[in-house]
Amino acid sequence: MQGPLASLKVLDFSTLLPGPFASLLLADMGAEVLRIESPTRMDLLRVLPPHDQGISASHAYLNRNKRSLALDLKQPAALEVVKQLMQDHDILLEQFRPGVMERLGLGYEALKAINPRLIYVSITGYGQTGPYKDRAGHDLNYLALAGLASYTGRADSGPLPLGFQAADIAGGSLHGVIGLLAAVIARQQSGQGQHLDVSMTDCVFSLNAMAGAGYLACGVEPGCEEQMLNGGSFYDYYRSRDGRWMSVGSLEPNFMQQLCAALGRPELAALGLSPKAEQQQALKQALQIEFEKRDFSDLCALFADVDACVEPVLSVAEAVAHPQLRARELVTQVPRGDGSSQAQMACPLKFSEGLPQPRHIGATLGAHTRQVLSELGYSEQRIDELRRTKVIL
């Protein structure tokens, strides 16, 4: 089984999270992904804890199914290798600041001259243009500048640092893959590739789907705990007696009625159906009192068979063991290369024709250098020479 993207060959110059998560999705769906890595500036993800048998678990996951070619791009001989690879690699993914690839002689225009079908994807914090294009940033900064952080949190304590990287993944990775595949479809019609400029800030700005639409059309500026879905209504998390949490999303009348009936307080349903802020807050306080009367396990049992949009807040360990996630086969075993395997999150996309089995965890730096150069026609003598001169690792 090859997967739906088996016809794509990708050169991946990215590091850390946004680019590697994007190319992980491509590789899981069958694309041939070759990472171009620096032998002198290590991808910091390789040393990020925790480690499994001396290997970063994050790196092993994010870079599975990809080959690694270690090249010093500052040396002319390395650029020649890349240009040869461009003959049959039709997608390039990079995550440097604007202008870096051009200075290396690997900008879009230069490589497009070699392969006009090239789809060149640049993922950056702020994009290729604008006053912030050369500015450093991280996930938290992109969410802040895009307005999302201003209404995500509590009124008395302010914005919350999210437990996952929303701008990196939802902004850079997922939008990057969407744009890349759209460019592939366009190329099928035109025969030409194009340059895709993916700004993580731009992409998460577009995620203001409800709050942003309301402000632009109606002038309503959202704030923390002021809207129905950000804590301004009963739609929220509630603490149990033993300090665990439950999520309550019983927005529709039938769900609200089932929620209140299960808690033995059917009269509260009328408060939930009112749009008035004071009614919503009264319901919220009443629900908190009811939830704090019961332990987490009792609440889980109480709502197990109640279709009211009430679910427990699970730890990662509990999520892995949950029957729904187990039924969806969201954990897979990935070969390490020594006969053993590592448990990893599986590709979440379900194709009726299936996907290829994971081939290996993230490779060691330069693990496939000799193999790739041999495929390009380099002799063993030339490969050894490039190694001696530290062009490759």
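Give the range 69-94 a look and list any residue that's of a type outside the set (A, V, I, L, M), touching a helix residue (DSSP H, G or I) at 6+ places or on another chain (Cβ under 8 Å) and under 10 Å from residue 391 (Cα atoms), or say none.
Residue satisfying the conditions is 72 alone.
Of these, 198, 220, which one is outside the structural domain of residue 315 (by TED's automatic domain parsing) and either out of contact with any His (no Cβ under 7 Å at 6 or more places or on another chain) or within 12 Å of residue 148 (Cα to Cα) (or both)?
Details: 198 fails: either out of contact with any His (no Cβ under 7 Å at 6 or more places or on another chain) or within 12 Å of residue 148 (Cα to Cα) (or both).
The conditions single out 220.
Please report, ordered by residue number, the strands (runs of 3 or more DSSP E) entirely within the range 4-70 with at least 3 residues that are of a type in the set (D, E, K, R).
32-37
Tally the residues that are surrounded by fewer than 16 Cβ atoms within 10 Å (Cβ to Cβ) and of a type in the set (A, V, I, L, M), restricting the search to the range 198-220.
6
Can you say whether residue 300 is buried (at least 17 other Cβ atoms within 10 Å of the Cβ), assigned by TED's automatic domain parsing to the domain that holds residue 56 and hydrophobic (A, V, I, L, M, F, W, C), as far as the supplied structure shows?
For residue 300, the condition - buried (at least 17 other Cβ atoms within 10 Å of the Cβ), assigned by TED's automatic domain parsing to the domain that holds residue 56 and hydrophobic (A, V, I, L, M, F, W, C) - is not met.
Out of all the residues in the range 147-177, which are without any contact (Cβ under 8 Å) to a residue 12 or more places away in the chain and either within 18 Å of residue 62 (Cα to Cα) or not in a helix (DSSP H, G or I) (or both)?
Matches in the range 147-177: 156, 157, 160, 163, 164.
Scan the range 338-393 for residues that are in a strand (DSSP E or B), in contact (Cβ under 8 Å) with a residue 40 or more places away in the chain and farther than 20 Å from residue 34 by Cα and jot them down.
Taking the range 338-393 first, the residues in a strand (DSSP E or B) are 341-345, 392.
Of the ones still in play, those that are also in contact (Cβ under 8 Å) with a residue 40 or more places away in the chain are 342, 344-345, 392.
Of everything in the range 338-393, those that are in a strand (DSSP E or B), in contact (Cβ under 8 Å) with a residue 40 or more places away in the chain and farther than 20 Å from residue 34 by Cα turn out to be 342, 344, 345.
Could you figure out which of (1) in the same structural domain as residue 301 (by TED's automatic domain parsing); (2) among the acidic types (Asp, Glu); (3) in contact (Cβ under 8 Å) with a residue 40 or more places away in the chain isn't true of residue 318?
For residue 318, the exception is condition (3).
Counting just the residues of the range 306-337 that are among the small types (Gly, Ala, Ser) and not in a loop (DSSP other than H, G, I, E, B), which one comes out farthest from residue 292 (Cα to Cα)? Break it down into steps so the answer makes sense when it comes.
First, the residues of the range 306-337 that are among the small types (Gly, Ala, Ser): 308, 315, 317, 319, 321, 327, 337.
From what's left, not in a loop (DSSP other than H, G, I, E, B): 317, 319, 321, 327.
Working: 317: 24, 319: 23, 321: 26, 327: 32 Å.
Across the range 306-337, the extreme among qualifying residues is 327.
Quick grid of which residues meet (1) under 17 Å from residue 37 (Cβ atoms); (2) not in a loop (DSSP other than H, G, I, E, B):
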{"position": "73", "(1), (2)": "yes, no"}
{"position": "83", "(1), (2)": "no, yes"}
{"position": "102", "(1), (2)": "no, yes"}
{"position": "121", "(1), (2)": "no, yes"}
{"position": "130", "(1), (2)": "no, no"}
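For the range 105-119, how many residues are part of a helix (DSSP H, G or I) and touching a residue at least 24 places away in the same chain (Cβ under 8 Å)?
3
For the condition among the small types (Gly, Ala, Ser) and under 25 Å from residue 164 (Cβ atoms), what is the one hit in 317, 367, 301, 308?
From the options 317, 367, 301, 308, the qualifying one is 317.
Looking at the range 193-218, I want the residues that are farther than 30 Å from residue 87 by Cβ and have a partner that is surrounded by 16 or more Cβ atoms within 10 Å (Cβ to Cβ) and of a type in the set (D, E, K, R) with Cβ atoms under 7 Å, at least 6 apart or on another chain. Which pairs are those?
200/168
Which of the numbered conditions does residue 29 fail, given that it passes all the others? Conditions: (1) over 21 Å from residue 83 (Cα atoms); (2) touching a Phe, Trp or Tyr at 6+ places or on another chain (Cβ under 6 Å).
That leaves (2) as the condition not met.
Hey, does the range 102-109 have a residue that's at pLDDT 95 or above, surrounded by 15 or more Cβ atoms within 10 Å (Cβ to Cβ), hydroxyl-bearing (Ser, Thr, Tyr) and within 21 Å of residue 188 (Cα to Cα)?
yes
Give the residue that is farthest from residue 343 (Cα to Cα), with candidates limited to residues of the range 312-327 that are surrounded by 15 or more Cβ atoms within 10 Å (Cβ to Cβ) and in contact with a strand residue (DSSP E or B) (Cβ under 9 Å, 6 or more places away or on another chain).
312
The values are calculated or read from the model by the stated rules, or taken from the named source; none is laboratory data. Note that the structure is a prediction, hence the values are computed from the model and not measured. Neighbour counts run over all protein chains shown; Cβ positions are idealised from the backbone, glycine included.
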